[in-house]
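Accompanying notes for the structure given below.
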Amino acid sequence: MDIPFNKPFTTGGEIRYLSQAISSKQLSGNNHFTKQCQLFLENRFHCPKVLLTHSCTAALEMSAILLNIGPGDEVIVPDFTFVSTANAFALHGASLVFADISRDTLNIDPCCIEKSITERTKAIVLVHYAGVACDMDRIVLIAEKYNIPIVEDNAHGLFGKYKGRSLGTFGVLATLSFHETKNFTCGEGGALLINDPALKERAEIIWEKGTDRSKFFRGEVAKYSWVDVGSSYLPSELQAAFLYAQLESHQRIQDKRQSIWRLYREHLALWAEDMGVGLPMVPEDCEQAYHMFYLLMPSLSVRQELINYLKEKSILSVFHYLPLHLSPMGQRLSVTSGKCPVSEEISDKILRLPFYGDLTEEDQLRVISAIKQFSFPSSI
């Protein structure tokens, strides 16, 4: 495809740090670059503890273990999200409660959260969709009212803010993604932000396969042993080395993505208004992470026609997600039978445009020009 949907961006420092990691002869996790990445994130977000993981999914699974999620527990998750947000908790026996999303930001609807709470609710999991913050004032009030912990799936929102406060610092736990489609990448990767100091020690044990190995290496115990459940959640030093180069250049990467987002907005705003197409909405009190740019087309058929039209011009655009409550597993694991009408509508209409750090202005203007040349069916 001439203009792909995504292309991983590199800063130039990745090869240098990979070479250093290889020369160190320490390629397993929790070595120099792992610690550097964790320290960077801890300092940036004033977080008591950050643990790198091999995926955001792994960080979510650790969250489920840390909150002692098990059979009989209910976990509220947005219906419009990637499967990992729900799967990580279902894996530990939780029943899922799918909450609909707000039509403006496509984030979980606070009203739907409160309506979904029962005596069995063990956690509220939210996603800052497209790197735009959820309505955290309302959600935090609900969580405090019912004494339910919040887990932030912040896969889209690293460096985004809500009323000046960084995303990933509101929940008891928060997760990050460094998949190749994200702003900052090491191919596959993630991180768990532990904002409750009481969970630090156990989180490290779970991360180290259920052992107190890290305590042993710090000289805090004479030998290490199996002391809790856990798994192999660490990334390798090669992943961490690659990621550290990305984090060091985070401002450069974000500035570029901001320029891309604003160019789409500038050139498509009037067209979208004339054609009845929705564009991303960013509330005034949110500083977004510039993770994606999408169109909300008038219907499923028009969305598909535009995808095909762009493909003919060698431009790849995509759609996501299918509502979780309509999926085979969602229907098996959900304790509710209600619909999520906004999620269903958005799933039919959304179209994501090419968005990556190496996207040139020339190619972006080609995408914009092709969109404007698209002929809408007369039946609309």
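Remarks
- The chain: most fluctuating residue of Glu344, Glu305, Glu362 per GNM, C-alpha cutoff 10 Å: Glu362
- With contacts taken as Cα pairs under 8 Å and at least 6 residues apart, the range 14-249 reaches a relative contact order of 26 percent.
- Global geometry of the range 2-83, whether rounded, prolate or oblate, following the gyration tensor of its Cα atoms and the 1.5 cut on a/c: oblate
- The helix-based estimate of mean residue ellipticity at 222 nm for the chain, built from -39,500 (n - 2.57) per DSSP H run of four or more residues and divided by its residue count, is -12500 deg cm²/dmol to the nearest 500.
- Relative contact order of the range 28-139, pairs being alpha-carbon contacts under 8 Å that are 6 or more residues apart, as %: 22 percent
- Sorting 66-78, 165-177, 322-334 by their mean Cβ neighbour count within 10 Å, with the most densely packed peptide first, gives 165-177, 66-78, 322-334.
- C-alpha long axis of helix 300-312 to longest principal axis of the chain, angle in °: 90 degrees
- Rounded to the nearest 10 degrees, the angle from helix 361-373 to the longest Cα principal axis of the chain is 50 degrees.
- Average Cα contact separation per residue, the range 241-374, under 8 Å, 6 or more apart, as relative contact order %: 32 percent
The numbers here are math on the coordinates, done by the rules we state, and not lab data. Keep in mind it's a predicted model, so treat the numbers as computed, not measured. Virtual Cβ from ideal backbone geometry, glycine too; neighbours counted across all protein chains shown.
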